[in-house]
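Okay, so here's the structure we're looking at.
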């Protein structure tokens, strides 16, 4: 029996040029990125269901001191029915491509929600 191919998950900024090795490109922000066209973004999907709620995003403000609390609250949102549907949708979108590229407009990827999302997906694949 052949081994199941593991999905590679990577995170990039939506403003970067698409690459041939991106696989499925999914925007995971709730708000469309300012100044970006849909054509240039070259998305396979825009999955708002896995983005942090507006309330959580505004509370967090990308303050490094709040990241751990943000991550905990965000994981709780991902554990809701809407979050679970969104995670399943991400995995379905990426099935067959071998690579899932999570796209965000955030400038600092170390403090972005995509860091938590990448970990949560890693726990499911």
How do 62, 113 rank when sorted from fewest to most other Cβ atoms within 10 Å of their own Cβ?
62, 113
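Among bridges DSSP assigns within the chain, what percent are antiparallel (round to 5)?
Values: 0 of 12 bridges.
Beta bridges within the chain, antiparallel portion: roughly 0 percent.
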What FRET efficiency, computed as 1/(1 + (r/R0)^6) with R0 = 41 Å and r the Cβ-Cβ distance, is obtained for residue 37 and residue 59, rounded to the nearest 0.05?
0.85
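Quick one: 95, 37, fewest Cβ neighbours within 10 Å first, how do they rank? Don't skip to the end; give the middle numbers.
Details: 95 12, 37 8.
Arranged by neighbour count, lowest to highest, 95, 37 become 37, 95.
Using alpha-carbon pairs under 8 Å, 6+ residues apart, how would you state the relative contact order of the chain in percent? Walk me through the numbers before you get to the answer.
On the way: 175 pairs, mean separation 54.5, N = 125.
It rounds to 44 percent for the chain.
Based solely on its DSSP helices, what 222 nm [θ] is calculated for the chain when runs of n ≥ 4 H residues each add -39,500 (n - 2.57) and the sum is averaged over all residues, nearest 500 deg cm²/dmol?
Working: 5 runs with 49 residues, N = 125.
That calculation yields -11500 deg cm²/dmol at 222 nm.
From the P(r) of the range 34-125, could you give the percentage of C-alpha pairs in the tail past 19 Å? It would help to have the intermediate numbers written out before the result.
Working: 1747 of 4186 pairs.
When all Cα pairs of the range 34-125 are counted, 42 percent exceed 19 Å.
No lab work stands behind these numbers, since they all come straight from the coordinates. These numbers come from a predicted model, not from an experiment. Cβ sites come from the backbone with ideal geometry, for glycine too, and all protein chains shown count toward neighbours.
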